[in-house]
Each structure stands twice: as C-alpha cells, then as structure tokens.
1. In nanometres, what is the gap between the two model label sites at A:LYS80 and A:SER140, each 7 Å from Cα along Cα-to-Cβ?
2. Which whole number gives the average count of other chain Cβ atoms within 10 Å of the Cβ atoms across peptide B:60-71?
3. Determine the distance separating the Cα centre of the stretch B:157-233 from the Cα centre of the stretch B:1-79; give it in Å without decimals.
4. Rounded to the nearest whole Å², what accessible area per residue is found for the stretch A:144-205 with the 1.4 Å probe?
5. Could you give the accessible area per residue of the stretch B:86-218, probe 1.4 Å, as a whole number in Å²?
6. Take every Cα pair under 8 Å in chain B that's 6+ residues apart, average their separations, divide by the length, and report that relative contact order as a whole percent.
7. How many partner chain Cβ atoms sit within 10 Å of a residue's Cβ in peptide A:89-100, on average, as a whole number?
8. Using only atoms on other chains, find how many Cβ atoms lie within 10 Å of each Cβ of peptide B:93-99 and report the average.
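The values are calculated or read from the model by the stated rules, or taken from the named source; none is laboratory data. Source: prediction; values computed, not measured. Cβ atoms come from the backbone with ideal geometry, glycine included; neighbour counts cover every protein chain shown. Accessible surface areas use protein heavy atoms only, side chains included; no ligands, DNA or RNA. Shrake-Rupley method; radii C 1.70, N 1.55, O 1.52, S 1.80 Å.
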Amino acid sequence: MAEVKLFGNWGSPFSGRIEFALKLKGVEYEFIDEDIYNYKSPLLLKYNPVHKKIPVLVHNGKPICESLVILEYIDETWEKGPSLLPKDPYERALVRFWTKFLDEKCVPTLWKTCWSIGEEQEKAKEESTELLKILEGTLSDKKFFGGDSIGMVDIVANFISYWFIILQELAGLQVLTKEKFPKLGAWIDDYLNCNIIKENLPPKDKLTAYFRARFEAAAAAAK
Amino acid sequence: MASCVQLLGASPSPYVNRVQMALKLKSIEYELIEENPHIKSERLLKANPVLKKIPVLIHDGEPICESLLIVQYIDDAWNNGPSLLPSDAQDAYLARFWALYIDDKNVDFQWYPLYKELREAPTEEARKEVLDKIFEGLVLLEKAFLKCSKGKQFFGGDNIGYLDIALGCYMGWLKVIEEMTSIKFLDRSKTPGLAEWAEKFCSHDTFKEVVPETQKLVEIFKMVQGRGKPASG
C-alpha cells in the first residue's frame with residue numbers, strides 16, 4: 001500500500017489546499033504538523049532543501065514540493081475520483097493560468113495589504129481591489145471557479161475565502177465585502193458550505209487568536 | 001482541417017523562444033506576429049487583458065498566456081512528436097519543480113535580476129556576492145540535471161523536453177552576458193553536466209533556428225541600454 005505523508009501546518013492555507021485535494025481523491029495520508037514559523041525541522045529540511053517550506057508531500061519516500069506542482073502530481077498519480085484538472089487542453093491551460101495568477105499575484109498582494117501600514121498599505125489596497133475585480137469578472141455566472149463543482153482554482157483560492165476575511169477584519173480593513181464584490185461574496189458562502197471544505201478548515205477562533213498575536217507582535221516591533 | 005496557430009511575441013524574448021521551441025519540436029506551423037514588448041498593442045491587450053504580456057499563443061482564436069503554461073498546452077493539445085513532459089508522475093514533478101525554480105522570483109537565484117545586479121554592483125565585494133549566488137544556483141541546477149537526465153544528454157532524456165526548453169531559452173542571453181562580463185558561467189570545472197548539456201542544446205536545431213545569434217542579441221542589448229530600458233520582455 002502506498003505511503004503518503006503530508007508535512008504542513010494546521011493554520012496554513014497552502015497545506016490546506018493539499019489536504020482538500022487528498023480528501024477529494026480519497027487518499028489516506030498522515031499529517032505532520034510543522035511549527036514552521038518558529039522552527040524548520042530536520043525532516044523538513046531533508047525533504048525540501050531548496051525552499052525549506054511546507055507543504056511537502058512524501059509519497060513512498062519521495063518528496064514532492066511546491067503546492068501547485070503537488071496538486072498536479074496528485075491528479076496524475078491518483079486517477080480515480082474527481083479530476084482536479086479538466087481533460088480538455090484549453091480548459092487545463094485556463095486552470096493553470098488562474099492558479100498561477102492567484103498564487104503569484106493575488107495571495108501575496110492580499111497578504112501584504114493586511115500586514116503593511118501607511119502609504120504601502122494604501123498602494124496594496126488599490127492593487128488588491130484591482131485583482132479582486134479580475135476574479136469577480138472570471139466568476140461571471142458560475143457558482144464556483146470550476147463551474148458547478150469545486151475545481152483546482154477554487155481550492156487554490158481558499159486563502160481568499162477564509163484566511164483573508166479573518167486577516168482583513170483584524171487589520172481593520174474592508175477590502176473584500178459582499179457589496180463591492182457580490183459574486184465573490186456568494187462564492188465564499190458556497191465554497192465554505194461544501195462539506196469537504198468546512199470539515200477541514202482550521203478552527204476560526206484558533207486562527208484568529210494566532211493572527212491577532214502576530215499583529216500585536218508586529219505592532220510592538222514597529223514601535 | 002488545419003488549425004490556425006499564431007504567436008504574439010518578439011524574437012529576442014527567451015519566453016517567446018520557449019514557445020517557438022515547443023512548436024518546432026511538435027512540427028506545428030504558426031505565424032509569428034511581432035509585438036513590441038514595451039508598447040502594448042490593442043491586439044495584445046485583447047489577447048492577454050489580465051497580464052498584458054507576451055508571449056500569447058492564439059490557437060483557433062483562443063488565447064493561451066504564460067510561456068511555461070503555453071508549452072504545457074502545446075504538449076496537451078498536439079500528439080505529434082515525443083511528449084515534452086515525462087509520462088511518469090515523479091519525473092513530470094521534477095521537470096515542473098525545476099522549471100518553476102528557474103522562473104521563481106522569490107529564490108536567490110534569478111537569471112535576469114542577478115545578471116543586472118552583477119553589472120550594477122558598486123564594489124568588488126558586492127560583485128562577488130552576486131556571483132556566489134549565481135554559482136550556487138547553477139550547482140543546484142547541475143544536481144537537477146544529473147537527476148533528471150539519468151545519464152542521457154538532455155533533462156528530458158534522449159529528447160529535448162519541457163525542462164530543457166525552460167532553461168535552454170536563456171542560453172542566447174547567457175552568452176551575451178558572458179561576453180559582456182568575460183565570465184564563463186557554465187564552467188566545466190564547476191558544473192560539467194550543465195556545461196555539456198548547454199553545448200548539446202545550443203547546437204540543436206531547436207535552439208539554432210529559434211534564438212537569434214549572439215551578435216544580434218549583443219546589438220539589441222547595446223541599443224536598449226542606450227535607450228535606458230530593460231532588455232528582456
């Protein structure tokens with residue numbers, strides 16, 4: 001029987017994506033919680049010497065790193081169960097485009113918006129709003145980015161649905177609201193309502209407390 | 001029915017070259033529509049409204065953006081010629097991982113920024129620091145080459161594949177930088193596998209018939225430097 005381990009962190013949206021994918025495919029795995037913000041374990045450094053980050057999937061002893069690449073690997077390796085990527089080449093290219101866009105542009109900019117201050121924050125807020133408008137447009141009349149059911153783009157957009165909402169509230173911001181982005185607002189509700197998603201999210205109070213502590217530490221350090 | 005394939009791009013761009021290499025390996029006929037990377041045409045903005053960048057492949061009217069994604073699309077959509085990505089999931093993972101690394105803006109080793117940093121380094125010490133980063137990255141890629149090639153001549157094995165294209169597209173500009181700095185980056189004493197690979201790759205038609213000659217690139221470089229704009233697209 002194949003041995004599957006996932007090195008991640010209870011609060012990370014990036015290892016969260018991999019967990020959703022593995023559960024969607026019905027793959028049994030062992031989750032190893034790494035306290036990555038404080039410590040890089042020897043095992044993690046052994047399996048991901050280049051980037052030293054989670055998530056890392058270890059399949060039969062071989063490490064697979066970088067969350068988008070891990071998702072493709074999962075889709076290719078476990079062919080039974082729902083596909084993460086569509087079969088049609090053009091649809092696949094679109095999914096890859098949007099997941100790259102989310103990871104390289106949206107997530108870092110939204111994250112930066114919450115953690116920066118002053119002029120830098122104003123600039124990040126503007127950029128975030130532009131990016132969210134693009135995503136709003138992409139949803140058009142679809143329930144999910146993947147159409148009628150969740151696909152890889154929805155899973156990769158998980159940060160927006162949950163983590164960003166908590167962060168923006170803690171930062172006292174209202175960048176993503178239902179009024180400004182009705183389709184994204186509806187998507188968030190539908191996405192978080194899916195059993196496979198809601199049963200696997202980190203607890204809201206634990207995540208909020210964790211981020212609040214980090215905000216306070218950052219504010220203290222800035223003084 | 002013959003399909004209509006157009007490529008919006010500029011021939012000195014390594015990212016455009018990636019797509020051209022993939023099309024050539026699959027024997028796909030296409031029309032190259034030269035775009036000025038610094039002046040965004042209406043046609044480009046329509047084809048790539050989100051990122052507004054070249055290359056864009058337009059296949060029967062549908063646009064596909066982002067060079068590595070286009071290469072994967074070409075591999076998915078056409079069956080002619082050998083696959084660009086390995087069929088084994090583990091090997092495909094390695095190809096994707098290292099291609100991402102080569103393009104990653106968040107790692108210390110990044111082609112263009114590092115070479116620019118090298119040129120602009122104010123002191124000998126700063127210059128050495130940048131050079132160290134470049135060579136560290138190349139040593140990692142040497143290890144990747146040994147793992148992926150499994151003793152064969154290319155990252156893809158006997159045939160040029162996805163990772164060969166991802167890295168090989170830069171070889172033209174690398175030669176320009178080597179000429180300008182008088183530094184040999186792909187040094188047989190440090191990275192013998194990569195040095196040998198580069199020689200084989202650059203003598204292959206896939207490279208020779210796609211990437212402009214070094215002297216032409218040097219001219220473009222000097223002209224663009226004169227205008228004060230970055231050389232790469």
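1. If labels sit at A:LYS80 and A:SER140, their model points lie 3.6 nm apart.
2. Per-residue shielding by partner chains comes out at 3.
3. 21 Å
4. Each residue of the stretch A:144-205 exposes 43 Å² on average to a 1.4 Å probe.
5. That works out to 47 Å² for each residue.
6. The normalised contact order for chain B reaches 22 percent.
7. 6
8. 5
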